[in-house]
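To start, the structure under review is shown below, and the notes come after it.
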Amino acid sequence: MNREKSRQIFEEALTLIPGGVNSPARAFGGVGGVPVVIDRAEGAYLYDVDGNRYVDYVLSWGPMILGHGDPRVKEALAKAVERGVSYGAPTEAENRLASLLAEMVPSIEKSRLVNSGTEATMSAIRLARGYTGRNKIVKFSGCYHGHADSLLVAAGSAAATLAVPDSLGVTPGAASDTIVMQYNDVSGIEELFAERGREIACVIVEPVAGNMGCVPGAPEFLQALRAETEKSGTVLIFDEVMSGFRVARGGAQERYGITPDLTTLGKIVGGGLPVGAYGGRAEIMNSVAPLGKVYQAGTLSGNPLATAAGIATLEAINADPNFYGTISRATERLAKGLTTAASAAGVKVAVQWIGGMSTLFFLSDTDEKVIDWPSASRCEKARFAKFFHALLDGGVYFPCSQFETMFTSVVHTDAVIDETIAVAKDAFNAL
């Protein structure tokens, strides 16, 4: 497949942009080679600058749940553009979007719109600290919550007591109040809270992890988080930037039947435009300025284009009673097809999926599934990279890392999935 124009554009980008990309996730760092430069998208497909077509399982890292170029979203955006692209002042559309969030995710009594998932999680953590008067926060290895300093940390030598900066520019002081624990480890959480629960302002967790690949939280793990945080007066934050509106109408919290204190959202809330939101119990949200003393602001928050696209997306979801059945069936068809194709080729994999999220893991010899970061990190990254490029050459666009999540949409029809499986069969056989 010829991608010469992509190569030329990327080489120019290297002279203008650090690493040639505006987000490291696009850099093909985990698979090698030159990133594909996209020209346009429609339905379930991407088209690059060389005219090649790809079945898209990245979907702008999640938000294009209606597929690319949905006419309802395009119409809403066109009308919004006619009225003006930014005001820096209140609009009625902000109320409508907040109302939809409260209706679809009942734990969100009040919400605040922001401009990204990072801003949402950063703000929610500040709010939890302000509300509780405590400093310590808990996160989990393999969960990514944006690039705020206190969240860019890794487990130190004593995982429950020490975190170390995971990026240059993050000071030891910024990391010192972050406790890093193991995902899906019930006993570890119970021991931590028995010893230090009254010091902890919040626990932030992806109820369905999407940044070590798709790793659903074990029900008993999420239930333990809820029980321990309630006992200690700690705020439980569900980071549903990925899972929100992807695994159920009310997000992972609906699917698991667990009510967090705060929820962070992004991606789909803006229909693919830059947006995020955080919200939860009114008692906690009332601590946010100007009503309370926890400061957070954003000149472009509630941007009229993002709110228009978000409203159109969420209303489209609500209008289709079979929406999540359609997406789940597409994901299941993909997962079973990949599993069967790998087995026929004698390749050891696990395809983990929930709702519209999935990941194909090339397992190590010792693992049967991925439940946490250690088991994810043992997966065969080199084999994934070879498989990724074989798919790309066959016209299928998977996430460019073993540790990213695939997404399906309502326009990923049986024919689209079957096209993917046919390419995957050849790719497995070539490994």
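The values are calculated or read from the model by the stated rules, or taken from the named source; none is laboratory data. Since the model is a prediction, treat every value here as computed from it, not as a measurement. Glycine also receives a Cβ, built like all others from the backbone with ideal geometry; neighbour counts cover every protein chain displayed. Side chains included, ligands, DNA and RNA excluded: accessible areas come from the protein's heavy atoms. Shrake-Rupley method; radii C 1.70, N 1.55, O 1.52, S 1.80 Å.
For this structure, a couple of remarks:
- Summed residue charge, Cβ within 10 Å of D48's Cβ, Lys/Arg positive, Asp/Glu negative: +2
- Given charges at beta-carbon only (K, R positive; D, E negative), |dipole| of segment 36-115 in Debye: 220
- Relative contact order (%) - criterion: Cα under 8 Å, at least six apart; region: segment 81-148: 26
- GNM top mover of G210, G169, G30 - the chain, alpha-carbon springs below 10 Å: G169
- Checked against a 25 Å cut-off, the cross-linked pairs K139/K369; K5/K74; K267/K348 give Cα-Cα distances beyond that limit for K5/K74; K267/K348.
- 10 Å beta-carbon shell around V294, net charge (K/R +1, D/E -1): +3
- Global geometry of segment 368-431, whether rounded, prolate or oblate, following the gyration tensor of its Cα atoms and the 1.5 cut on a/c: oblate
- Shape class for segment 168-288, computed from the alpha carbon gyration tensor (a ≥ b ≥ c): rounded, with a/c under 1.5.
- Residues H147 and A422, FRET efficiency given R0 of 41 Å [Cβ-Cβ distance, rounded to 0.05]: 0.60
- Mean separation of Cα contacts under 8 Å (6+ apart) over length of segment 365-431, as relative contact order %: 33
- Of Y54, Y87, Y397, the order by accessible heavy-atom surface (1.4 Å probe, DNA, RNA and ligands excluded), from most exposed downward, is Y87, Y397, Y54.
- The residue among V138, V105, N95 whose Cα reaches farthest toward the positive pole of the charge dipole of the chain, with charges on the beta-carbon of Lys, Arg, Asp and Glu, is N95.
- Using C-alpha pairs under 8 Å with a sequence gap of at least 6, the mean separation divided by the residue count of the chain gives a relative contact order of 22 percent.
- Per-residue packing, averaged as other Cβ atoms within 10 Å, sorts the ranges 191-199, 227-235 into the order 227-235, 191-199, beginning with the highest.
- Of all accessible heavy-atom area on the chain, the percent that carbon and sulfur account for (1.4 Å): 52
- Accessible area (Å², per residue) of the chain, counting only protein heavy atoms and a probe of 1.4 Å: 41
- Extreme residue, positive dipole direction of segment 215-318, given options G272, I237, G257 (C-beta unit charges): G272
- When +1 charges are put on Lys and Arg Cβ atoms and -1 charges on Asp and Glu Cβ atoms, the dipole computed for the chain relative to its Cα centre reaches about 360 debye.
- Summed residue charge, Cβ within 13 Å of D177's Cβ, Lys/Arg positive, Asp/Glu negative: +4
- A simple charge model with +1 on the Cβ of Lys and Arg, -1 on the Cβ of Asp and Glu and nothing else charged puts the dipole of segment 55-165 at about 420 debye relative to its Cα centre.
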